[in-house]
Amino acid sequence: MLNPIQIPFVEPVLIVALLLMIILIGPVVFERIRIPAIVGLLLSGALIGENGFSLVSNDLEFSLLGTMGLLYLMFLAGLEIDLVDFLDNKLKSVFIGLASFLVPFLLGFAITRYLLEYEIHASWLIGAMLASHTLVSYPLMGRLGIVDKSIVTIIVGATIIADVLALISMELIINFAGEGVMLDSVLQLALSFSIFFGFVFFVIPRVSRFFLDKYEGDLMVQYLFVMVILFIAAVLAHLLEIEPILGAFFAGLMMNRQILNTSPLYKRIEFIGNTLFIPIFLISIGMLANFRVYIDDPHEIWQLLLLIAIAIISKYIPALLSRGIFKLSVPETHLVFGLSVSRAASAVAIILIGFNLDIVSESVLNNTVILILVTSIVSSYITQRSGKKLLVIENDTVTDQKRIRQKLLVPVANPENMDHILEFAVLIKQDNDKIPIYPLTVFKENDQVRKEIDENQERILKIIESMQTDISFETGSRIDKNIAKGIVRAAEELVATGVVIGWNKPSTPFQTLTGNVLNKLLKRTNRMILVLKTPTEFRKIRHIHLVCSEDAQFEEGFTLWMDTLHYMLKRMQLKAKVYCESGITADAILQYGNSGSTTKYFEMKKDFSGKLREADISKSDAALLVFVHSRKQGLSYNRKFETFMNDSINSYNTNNIIIIYPEQG
């Protein structure tokens, strides 16, 4: 006889099955009726919760999953933030963060204190709650492909500033309400933050670097280590009476350069978070809503509506101020508003603590939960619409510039450097481009050639599979009397924009390579060629030095190699120090693209005079040297520069090196 199903569900199997069905079907159904997937998950949570059809109770186990989702969300935000962009725009983040805190805090305090006549402690706490915000609609940025845009980076930085100030305000008023000594509270808070930042800034990067190096290639162990670091940072924050979401965010921020967003580890972290933990967090937020209170007591509705109005208006004002001061576009302004208007965990934490201390009533707690649901829905709609408009504007700009679409041919034959060459090809791949990368094997005719090709193809496919990248690959093979000729023929047939070749061995002198395949390629094709020697993983590189020949900007391929380097630097979260004797060439690099979206990744070295100083460039695997040279018939060819480049390569033979020969007309 079948067991009757008890409601709310108590069987873990039923609860998990229901959640997975909602995560799978809910977004699809809601998006069909033009409701964002995030809103669908929030509304689904409201329907299945204790205040809806009461299918699932918000017990300890479910709260645990929701908390994991929130921490995961903040960790991903820290992991994905563009550090170069963030540092370049830190003043904008500080302004928006301060404005996003002060306007809601002061407006919320004034209205609840003088219009609703709440106690001063309650008004202060409500102001702190309204000043906080959570990046509930942040996953939409990933789906739209605009996570790396400057405005998104600015808002993420502003969110942390606003939340930290809101939580500090909460700590101060709670201590004040408990008749604690204000000076002691401030000193204790300062000590807590000092210990916390000491751990995240000094311990996490060093431990992460050691562990990820030691277990390189073991994805399961690496992923578990990342999760351990995430929750240790969150637990430490909790023990120091700091909100755990800050611990999760800074853990992601400190591991940002350790985990490149093209790496298999990053793909695994992102996949699990966006597929499971973050959707469960959104469902858990929806489950907190209780609309029955307003049916039982309609007089509560006007206070709720007033609170929601303050919450929305007070976040829109900072967005308008930012537009006026920083000349933001309309979609960027709405994105600032959309991402900052939603409240979630911080808001609940602030009001729940106040409720437990009898500072605010149960009515305020419930109004806060409904406010979270409403602002999250508003945030999702505004973010999705403004994000799409931002994409349209950017695509129009790219079209106007007639940017060349990449086709990268990657000849691979040597197992020793095969993985590094393919990893590099992914790093320099154009954003949002569906054209595949073309790995190629070329062998001379012999009795075993078919077997060699099959073995090489098998190695390539294994490496591609291990990379777990969204970029597609289209492998090919050739048999030719001359390897260089085979590569040239493939490049011409493919109409490749660039050919990426590797150093045969780290110990092979550059002159030996030049006299062999590379020299023949340079004579037989005018396409851009990139020569790569990387004995270490790209995530280990900390310094990049770009050395250009004079008049490099006059080469036909200037735009192509600048774009190529831009993609690499952007994904590695690093700036390149640029060395060139000509001020005109330096200015051309800095002014390239006009908007600054590319050239912010380049930093000029003004004291360069044809010699690289060891004080600037360390002989280590953490430094990458990039030389932009020219073929002998090129406009920027210079024998003196060629001699200097060869001498530098010999001097820094332990470093990672890339040589770029731009496309010729």
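Just to verify a result, which residue in region 337-349, among those that are hydrophobic (A, V, I, L, M, F, W, C) and outside any loop (DSSP other than H, G, I, E, B), is nearest to the chain's Cα centre (by Cα)?
Of everything passing the filter in region 337-349, Leu339 is nearest to the chain's Cα centre (by Cα).
Only one of Glu50, Glu80 is within 26 Å of Leu224 (Cα to Cα) and acidic (Asp, Glu); which?
After applying the criteria, what remains is Glu80.
Conditions tested, residue by residue: (1) assigned by TED's automatic domain parsing to the domain that holds Thr383; (2) modelled with pLDDT under 85; (3) under 23 Å from the mean Cα position of the chain (by Cα); (4) within 21 Å of Arg385 (Cα to Cα).
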position: Asp85; (1), (2), (3), (4): yes, yes, yes, no
position: Val103; (1), (2), (3), (4): yes, no, no, no
position: Ser137; (1), (2), (3), (4): yes, yes, yes, yes
position: Ile154; (1), (2), (3), (4): yes, no, yes, yes
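Restricting region 521-539 to residues that are of a type outside the set (S, T, N, Q) and surrounded by fewer than 19 Cβ atoms within 10 Å (Cβ to Cβ), which is modelled with the lowest pLDDT?
Pro535
I'd like to know if region 113-132 contains one or more residues that are under 15 Å from Gly78 (Cα atoms) and crowded, with 22+ Cβ neighbours inside 10 Å.
no
Does at least one position in region 350-370 carry a residue that is part of a loop (DSSP other than H, G, I, E, B) and either under 18 Å from Leu91 (Cα atoms) or under 24 Å from the mean Cα position of the chain (by Cα) (or both)?
no
Taking Phe271, is it among the aromatic types (Phe, Trp, Tyr), under 27 Å from the mean Cα position of the chain (by Cα), surrounded by fewer than 16 Cβ atoms within 10 Å (Cβ to Cβ) and modelled with pLDDT of 80 or more?
So Phe271 fits the description; yes.
Are any residues in region 1-53 of a type in the set (Val, Ile, Thr), in contact (Cβ under 8 Å) with a residue 40 or more places away in the chain and either buried (at least 16 other Cβ atoms within 10 Å of the Cβ) or part of a helix (DSSP H, G or I) (or both), and if so, which ones?
Once the filter is applied, which keeps residues that are of a type in the set (Val, Ile, Thr), in contact (Cβ under 8 Å) with a residue 40 or more places away in the chain and either buried (at least 16 other Cβ atoms within 10 Å of the Cβ) or part of a helix (DSSP H, G or I) (or both), region 1-53 yields Ile15, Ile22, Ile23, Ile38, Val39, Ile48.
Among the residues of region 287-306, which ones are modelled with pLDDT of 80 or more and either surrounded by 17 or more Cβ atoms within 10 Å (Cβ to Cβ) or closer than 17 Å to Ala349 by Cα (or both)?
Of everything in region 287-306, those that are modelled with pLDDT of 80 or more and either surrounded by 17 or more Cβ atoms within 10 Å (Cβ to Cβ) or closer than 17 Å to Ala349 by Cα (or both) turn out to be Met287, Leu304.
A quick yes/no check of all residues on (1) at pLDDT below 80; (2) over 27 Å from the mean Cα position of the chain (by Cα):
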residue: Leu2; (1), (2): yes, yes
residue: Phe9; (1), (2): yes, yes
residue: Glu31; (1), (2): yes, no
residue: Ile35; (1), (2): yes, no
residue: Val39; (1), (2): yes, no
residue: Ala46; (1), (2): no, yes
residue: Phe75; (1), (2): no, no
residue: Glu80; (1), (2): yes, no
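Filter region 414-443 down to residues that are in contact with a Gly (Cβ under 9 Å, 6 or more places away or on another chain) and part of a loop (DSSP other than H, G, I, E, B) and give me whichever is nearest to Lys485 (Cα to Cα).
Asn414
Within the group Ser346, Ser380, Ser342, which residue is assigned by TED's automatic domain parsing to the domain that holds Glu171, out of contact with any Phe, Trp or Tyr (no Cβ under 9 Å at 6 or more places or on another chain) and at pLDDT below 85?
Ser346
From the list Leu253, Leu240, Leu212, exactly one residue is more than 30 Å from Glu50 (Cβ to Cβ), surrounded by fewer than 20 Cβ atoms within 10 Å (Cβ to Cβ) and not assigned by TED's automatic domain parsing to the domain that holds Ile421. Which is it?
None of the other options fit; the residue is Leu240.
Condition check: out of contact with any Asp or Glu (no Cβ under 8 Å at 6 or more places or on another chain) and under 30 Å from Leu219 (Cβ atoms). Does Ile325 satisfy that?
Criteria not met by Ile325.
Against the condition touching a Leu at 6+ places or on another chain (Cβ under 8 Å), over 26 Å from Val235 (Cα atoms) and either of a type in the set (S, T, N, Q) or not in a loop (DSSP other than H, G, I, E, B) (or both), how does Leu98 come out, does it pass?
It is true that Leu98 is touching a Leu at 6+ places or on another chain (Cβ under 8 Å), over 26 Å from Val235 (Cα atoms) and either of a type in the set (S, T, N, Q) or not in a loop (DSSP other than H, G, I, E, B) (or both).
For the list (1) farther than 23 Å from Gly66 by Cα; (2) out of contact with any Leu (no Cβ under 6 Å at 6 or more places or on another chain), I need the number of the one condition that Val228 fails.
It fails just one condition, (1).
Mind checking which pairs have a first residue in region 444-463 that is surrounded by 16 or more Cβ atoms within 10 Å (Cβ to Cβ) and modelled with pLDDT of 80 or more and a second that is of a type in the set (D, E, K, R) and in a helix (DSSP H, G or I), Cβ under 6 Å, 6 or more apart or different chains?
Ile463/Asp419
Of all residues in region 64-100, which are among the aromatic types (Phe, Trp, Tyr) and surrounded by fewer than 23 Cβ atoms within 10 Å (Cβ to Cβ)?
Phe86, Phe95, listed by residue number.
Can you pull out every residue in region 119-165 that is farther than 24 Å from Val392 by Cβ and aromatic (Phe, Trp, Tyr)?
Trp124
The rows are residues; the columns are (1) touching a Leu at 6+ places or on another chain (Cβ under 7 Å); (2) hydroxyl-bearing (Ser, Thr, Tyr); (3) part of a loop (DSSP other than H, G, I, E, B).
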residue: Leu76; (1), (2), (3): no, no, no
residue: Leu79; (1), (2), (3): no, no, no
residue: Ser123; (1), (2), (3): no, yes, no
residue: His133; (1), (2), (3): no, no, yes
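So the check is Cβ under 9 Å with 6+ separation or different chains; which pairs have a first residue in region 465-482 that's touching a residue at least 40 places away in the same chain (Cβ under 8 Å) and a second one that's small (Gly, Ala, Ser) and outside any helix (DSSP H, G or I)?
Once the first residue is touching a residue at least 40 places away in the same chain (Cβ under 8 Å) and sits in region 465-482, its partners that are small (Gly, Ala, Ser) and outside any helix (DSSP H, G or I) give Ser466/Gly217; Met467/Ser263; Gln468/Ser263; Thr469/Ser263.
The values are calculated or read from the model by the stated rules, or taken from the named source; none is laboratory data. All of these numbers come straight from a predicted model, not from anything done at the bench. Positions of Cβ are generated from backbone atoms using ideal geometry, with glycine treated the same way; all protein chains shown enter the neighbour counts.
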